[in-house]
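Beneath this line is the structure, given in structure tokens, with notes to follow.
What follows draws every value from the coordinates through simple rules; no lab data is involved. All figures in this text were calculated on a predicted structure; none of them were measured in a lab. We place every Cβ from the backbone using ideal geometry, glycine too, and count neighbours over all the protein chains shown.
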Amino acid sequence: MVTVSELRDELERLRTRFDALRGRLDLPARQQQIATLEQQAADPHLWSDPATAQSVMQRLATLQAEVTRWQSLDEQLSTTAELLELAEDDPALLAELERETRRLAEEINQAEISLLLAGPYDQASAFITVQPGAGGVDSADFAAMLLRMYTRWAERHGWKVALIDEMPAEEAGIKSATIEVRGPYAYGYAKAEAGVHRLVRLSPFDQAHRRHTSFARVEVMPEVDDTINIEIDPDDLRIDVFRSGGHGGQGVNTTDSAVRITYKPGTPEQIVVTCQNERSQLQNKETAMKVLKARLLERELERQREERRRLRGEFRAAEWGNQIRSYVLHPYNLVKDHRTGVETSNTQAVLDGEIDLFIEAYLRSDLGREESAPAEQP
């Protein structure tokens, strides 16, 4: 069992870390924002604009929960330290305080992650698109494996998942699929998954059962709400309707309800978005437009990220050799994130959605890169 002295040292380390994180939070500024938003919420004319009112109330609730969380952690650290002085001759109390200290350490870890999700769109829901790359049938199957992984991951967080569009491949897997992950900070977490993923395994589609390497690309986009203005010229759009696909049976839609929107067709900027998850053509069109706006926003965010990389002197070519993560199922089991070096041999758990260890490591490393970036010259 841990000693009182060892637990006291651990609590002191947690207190030092907590105070440093709280300083970065700038609690007085958060409290001032709460006061301002409370004044807006009290304005009887606020709800004349429902979109703005909803945004104000959501932001207020988020800030209030954030401040309450940090104040509660502060009190729990102080209380635990005070009780520790009574545990010298009380093994049962010491054991309970050891468990409480471990819980507080995890709470502080999670509070730190919340500080990393401070981007302008990190609180938003997300669209995740998975597409196969090089590797033939194995690549299409790998894309389906990733789609399942992200669905399981989102469900572990208690977020709602909706399939927006899925195009099955001929033999196995998918040609493309997009899901909507609806929940607080879904984009803030999921953005860490954007990039090329690599799979190494004995191919179940090779009669000789040889080892194959395949790739898939993951795109992550923030959902755009009514408070974000994304201007789209109707002349830049081509809208096609067609019959929804399916695997047969009663669920197949027999009307032309699926919608395909092409933005700036025939140009290098062309974006194609398809939605067929709803039975209503109007609903599919509205969802497709939401995905298109999300893609346009993510395109601008990526341009800004590339500019920051340029300022840091980084160069990253857009080629398959720059995968962000490798999933090796043969000749050994290993999943390794190449950006952070984090790895695990529990490949099945990862493919079942346990990917937070990679996401949290990436968020911490990405913050470090942002803080070390040179200031942009005016």
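What the table below lists for this structure:
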item	result
When each of LYS160/LYS293; LYS175/LYS293; LYS160/LYS285; LYS264/LYS336; LYS285/LYS336 is checked by Cα-Cα distance, pairs over 30 Å	LYS264/LYS336; LYS285/LYS336
Estimated vicinal HN-Hα couplings, Hz - the stretch 45-57 in sequence order (Karplus 6.51, -1.76, 1.60; Gly, Pro = x)	8, 4, 6, 5, 10, x, 5, 5, 4, 5, 5, 5, 5
Dipole in debye (nearest 20) - the stretch 100-179, about Cα centre, beta carbon charges: Lys, Arg +1; Asp, Glu -1	180
Inter-label distance for ALA172 and ARG22, nm, one decimal - labels placed 7 Å from Cα along Cα-to-Cβ	5.5
Only Lys, Arg (+1) and Asp, Glu (-1) charged, at Cβ; the chain dipole about Cα centre in debye	1480
DSSP beta bridges in the chain [antiparallel fraction, %, rounded to 5]	90
Length added when fully stretched, ARG364-LEU86, from 0.36 nm per residue minus Cα-Cα	96.4 nm
Normalised convex hull volume, the chain, alpha-carbon set, Å³ per residue	216
3J(HN,Hα) from dihedral phi, the stretch 136-145, Karplus parametrisation 6.51/-1.76/1.60, rounded to Hz, x for glycine, proline	x, 4, 4, 5, 5, 5, 4, 4, 5, 5
Average Cα contact separation per residue, the chain, under 8 Å, 6 or more apart, as relative contact order %	14
3J(HN,Hα) from dihedral phi, the stretch 218-223, Karplus parametrisation 6.51/-1.76/1.60, rounded to Hz, x for glycine, proline	10, 10, 10, 10, x, 6
Bins of 10 Å from zero: percent of alpha-carbon pairs in the stretch 234-308	19, 41, 26, 11, 3, 0
Pairwise label distance in nanometres, ASP352 with GLU155, each label 7 Å out on the Cα-Cβ vector	1.2
Contour excess over end-to-end distance, with Cα ends at ARG69 and MET57 and 0.36 nm allotted per residue	2.5 nm
Using distinct alpha-carbon pairs, which all enter the 1/r mean, Kirkwood radius of the stretch 4-116 in Å	16.2
Cα-centre dipole for the stretch 4-116 with unit charges at Cβ (Lys and Arg positive, Asp and Glu negative), debye to 20	660
Protection proxy ranking, peptides 88-100, 264-276, average beta carbon neighbours within 10 Å, highest first	264-276, 88-100
Fewest-first sequence of LEU357, LEU147 by Cβ atoms within 10 Å of each Cβ	LEU357, LEU147
Cβ-Cβ FRET estimate between THR79 and GLN31, R0 fixed at 30 Å, reported to 0.05	0.85
Residue order, fewest to most surrounding Cβ atoms within 10 angstrom, among GLU360, GLU231, GLU193	GLU231, GLU360, GLU193
Fewest-first sequence of ASP256, ASP337 by Cβ atoms within 10 Å of each Cβ	ASP256, ASP337
